[in-house]
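What follows is a set of notes on a single structure, which appears directly below.
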Amino acid sequence: MKRLTVDLGERSYPIVIGKDILGQLPQELADRGITSKNRLLIVTDHQVAPLYLERVQSILTLAGYEHAFHVISAGEQAKTLSVLEEVTGSALKAGLDRKSVFIALGGGVVGDLTGFCAATYMRGVPFVQIPTTLLAHDSSVGGKVAVNHPMGKNIIGAFHQPSLVLYDTETLKTLPPREIYAGFAEVIKHGLIWSESFTDWLEQHAENLLALQSPYIDEAIYQGCLIKSQVVSEDETEQGKRAILNLGHTFGHAMESLSHYGGLIHGEAVAIGMVAAAVLAERIGICDPNQNVSSRTIELLKKFQLPVQIPAQFQPDALLEAMRLDKKGSGGKLVFVLPKSIGAVEIVRDVPEDEVIQVLKLVKEVE
Ligand code: NAD
Ligand code: GLY
């Protein structure tokens, strides 16, 4: 079992990563001051519920915690204000008060939605993340919580840090392969923004990682969480540095938004977005094309079975328009996180729009 701390003063919290550690939930809750006096609402989705809800409930019941649950539908389309209202209704019916705690049991959708629900319920109550997807090593850490608006992803949200992240890696074994691949997009992102040696290690151990073999998968999650927690500890509310975590996201969110959150899944969109970022960086001289950053990025993503090409249905003009709406723009200007080399990125403003269009056209042809 591995532990690390997101260091945020009085809002600091532990991330606990290990195999078969769900049973430690009551002790970890108690260590965070959440006792059987606090009423709990577990939020999960309809795919995770049959797999893990009963187990979590019986662990909590045995430890004397009163709890209710709410099951949302699975997938990005559930990240809406109307689902948030339903979850809030369940919390009210279950008698949750200002001392109550929400528990997010699931992937990034459940985590983002539940976190935002906790941020707004009676002006804010604590919440706990129990991530069950690989991608959620990223989403469960750092306190960005949100729902989508039809015009843009994560537009309605808050910064609300969890009190605890309890990551039982055994839950990953039931993930469909496509979700495993998508999760690796965010693991690779952490390597690309922060550490060439971690990126090399991912390249070397792709097979072990895709098979979710220990100790490789535990180490990948630990390193990903460590990188994320270091960045978040330096810049909790994205005044500057935290934006580096958005590598690939300006392009990726545009594709997700244009497909109304029903086509590419988040990790896939980020993967293609990271290719676009690398191609753009080479074109405008942020990185030296001789360093082969775009070709290495493409090969690495392909090793993890991730898409690297913008699908045919997305037109460059429409993507550019969606990017203008993305909140990662600033003062109407597009903001991109671009690689300087493998393991280092730069935040770049004022990229000419015709360059972006050229890149979108190029990435539609990448193979
Ligand atoms: P998800 O929550 O939709 O989960 C993916 C699918 O896997 C769902 O169908 C779910 O039901 C299923 N599933 C979950 N756990 C399972 C398990 N153990 N076994 C079998 N099936 C399981 O998606 P995700 O990829 O985890 O998260 C994507 C979301 O995270 C996006 O909305 C994205 O915007 C958000 N995100 C947020 C942050 C952040 O910092 N808050 C960072 C990255 C991504
Ligand atoms: N996923 C971007 C962030 O957490 O800041």
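Kindly provide the set of residues from region 81-93 that are closer than 27 Å to Asp168 by Cα and either within 16 Å of ligand 1 (Cβ to nearest atom) or open to solvent by 10 Å² or more (accessible area, probe 1.4 Å) (or both), ordered by number. Working first, answer last.
Start the filter on region 81-93 by keeping residues that are closer than 27 Å to Asp168 by Cα, which leaves 83-84, 87-88, 90-91.
Listed by number, the residues that qualify are Val83, Leu84, Val87, Thr88, Ser90.
Where in region 255-367 are the helices (runs of 4 or more DSSP H), entirely inside, with at least 1 residues that are within 17 Å of Val187 (Cβ to Cβ)? I'd like the intermediate steps shown before the answer.
On the way: elements: 266-283, 293-303, 316-325, 353-363.
Once the helices (runs of 4 or more DSSP H) in region 255-367 are filtered for at least 1 residues that are within 17 Å of Val187 (Cβ to Cβ), what remains is 266-283, 293-303.
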request  = Any chance you could count how many residues in region 218-275 are among the aromatic types (Phe, Trp, Tyr), over 18 Å from Thr5 (Cβ atoms) and away from ligand 1 (no atom under 12 Å from the Cβ)?
outcome  = 1
key: Only listed residue being within 20 Å of Gly111 (Cα to Cα) and crowded, with 23+ Cβ neighbours inside 10 Å, chosen from Gly267, Gly248   = Gly267
remark   = Pairing a residue in region 132-150 that is charged (D, E, K, R) with any residue that is open to solvent by less than 10 Å² (accessible area, probe 1.4 Å) and within 11 Å of ligand 2 (Cβ to nearest atom), where Cβ atoms lie under 7 Å and the two sit 6 or more apart in sequence or on different chains, gives Asp138/Glu186
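Are any of the residues in region 301-312 of a type in the set (A, V, I, L, M, F, W, C), in contact (Cβ under 8 Å) with a residue 12 or more places away in the chain and loosely packed, with under 15 Cβ neighbours inside 10 Å? Walk me through how you get there before you give the answer.
From region 301-312, those of a type in the set (A, V, I, L, M, F, W, C) are 301, 304, 306, 308, 310, 312; that's our starting set.
Within this subset, residues satisfying the condition of being in contact (Cβ under 8 Å) with a residue 12 or more places away in the chain are 301, 304, 306, 308, 310, 312.
Checking the rest, the ones that are also loosely packed, with under 15 Cβ neighbours inside 10 Å come to 312.
Yes.
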ask   = Within region 312-347, how many residues are at pLDDT below 95 and more than 21 Å from Leu264 (Cα to Cα)?
value = 7
task = Within region 1-27, count every residue that is open to solvent by less than 10 Å² (accessible area, probe 1.4 Å) and either polar (S, T, N, Q) or part of a helix (DSSP H, G or I) (or both).
result = 2
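The values are calculated or read from the model by the stated rules, or taken from the named source; none is laboratory data. What you are looking at is a predicted structure, and each value in this text was computed from that prediction instead of being measured. Backbone-built Cβ (ideal geometry, glycine too); neighbour counts: all protein chains shown. We work out accessible area using only protein heavy atoms, side chains counted, and drop any ligands, DNA or RNA first. Shrake-Rupley method; radii C 1.70, N 1.55, O 1.52, S 1.80 Å.
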